[in-house]
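I have placed the structure first, in the form of structure tokens, so that the comments after it can refer back to it.
The values are calculated or read from the model by the stated rules, or taken from the named source; none is laboratory data. If you're wondering where the values come from, they're calculated on a predicted model, not measured in any experiment. Virtual Cβ from ideal backbone geometry, glycine too; neighbours counted across all protein chains shown. Surface areas here come from the heavy atoms of the whole protein model, side chains and all, with no ligands, DNA or RNA. Shrake-Rupley method; radii C 1.70, N 1.55, O 1.52, S 1.80 Å.
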Amino acid sequence: VVGHDMTERKLGEELLRQREQEFRSLAENMPDNIVRYDCDGRTIYVNPSLVRTLGMPAEDMIGKSPMELHRNGQFTDYIAMLKKVIANGADAEMEMAFPDGAGGLFFHQIRFVPERDHDGTIIGILAIGRDITERKQTEEELLKLSSAIEQCPVTIIITNAKGNIEFVNPKFSELTGYLPEEALGKNPRIFKSGETSPEEYKRLWATITSGNVWHGELLNRKKSGDLFWEYATIAPVRNSAGTITHYIAIKEDIT
């Protein structure tokens, strides 16, 4: 029985060593930042990516808690999240901003995952951080663009490749009287007054479907039935493969 118990223990120890080696091999070759904490919040492992990100040698972090390493208040939210995960054992995520040394910021998304033994007891916390700076910058640019379009003093309409409306800005509703929900999914022909010749519409469609930009004047009809003149610029929008996926119309009331 004793010999059997020792064999099982050795097998268990060997399995743990294998798993530890597999973890280290994976963690040390990942571009994400990885750090492991024990249940007291002390650092027991950091991968090379985290060392590069923080610019701090691994030996200066091992055995210390974030509270000891970061006393400038920058990691207050991180420390609070770590304590919360240790206390309740639930996965959690957060975003953090760090100075990039050039007057800007870089951003990380951090996920905290409790590590458990075979009985389900929490034995530590794994924190995985991913650089999302490029994504945040893209989101900021999109927000800026969206704000500009929403506040633009001219009408902006975006249609799909078939010509059905997918977006209108507030100026569109102000001018035409159509609410967005009344226009979305419709074709711009709902604005036709019958005063612009069919030949002009054919020239318009032939121009933009061939990948060119159309400029011209249109006499259109509002929801109320009133007629109004617009000067329009309509252009194709292409995806990364060069395929036309949408059309954008920028129109100014010249009545």
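Going by the structure shown, is N212 more than 18 Å from C152 (Cβ to Cβ), open to solvent by less than 70 Å² (accessible area, probe 1.4 Å) and either touching an Asp or Glu at 6+ places or on another chain (Cβ under 7 Å) or not β-branched (V, I, T) (or both)?
So N212 does not fit the description; no.
Can you find a residue that is in a strand (DSSP E or B) and farther than 24 Å from S147 by Cα anywhere in region 234-244? Give the steps one after another, and end with the answer.
Within region 234-244, the first condition is being in a strand (DSSP E or B), and the residues that meet it are 234-238, 244.
Applying the additional criterion that residues be farther than 24 Å from S147 by Cα yields 244.
Yes, region 234-244 contains at least one residue that is in a strand (DSSP E or B) and farther than 24 Å from S147 by Cα.
In region 151-185, which residues are under 11 Å from I248 (Cβ atoms) and among the acidic types (D, E)?
E166
How many of the residues making up region 163-196 are small (G, A, S) and under 32 Å from the mean Cα position of the chain (by Cα)?
Final tally of qualifying residues: 4.
If you take the residues of region 225-242 that are closer than 20 Å to N212 by Cβ, without any contact (Cβ under 8 Å) to a residue 40 or more places away in the chain and over 24 Å from the mean Cα position of the chain (by Cα), which of them is least open to solvent (accessible area, probe 1.4 Å)?
Only one residue tops the list, namely A232.
Please work out which one of (1) among the charged types (D, E, K, R); (2) surrounded by fewer than 11 Cβ atoms within 10 Å (Cβ to Cβ); (3) at pLDDT 70 or above; (4) not in a loop (DSSP other than H, G, I, E, B) is the condition K10 fails and give its number.
Unmet condition: (3).
Tell me which of these P114 doesn't satisfy, since it passes every other one: (1) under 21 Å from S49 (Cβ atoms); (2) open to solvent by less than 90 Å² (accessible area, probe 1.4 Å); (3) modelled with pLDDT of 90 or more.
(1)
Are any residues in region 30-69 over 19 Å from E95 (Cα atoms) and of a type in the set (S, T, N, Q), and if so, which ones?
Of everything in region 30-69, those that are over 19 Å from E95 (Cα atoms) and of a type in the set (S, T, N, Q) turn out to be T43, N47, S65.
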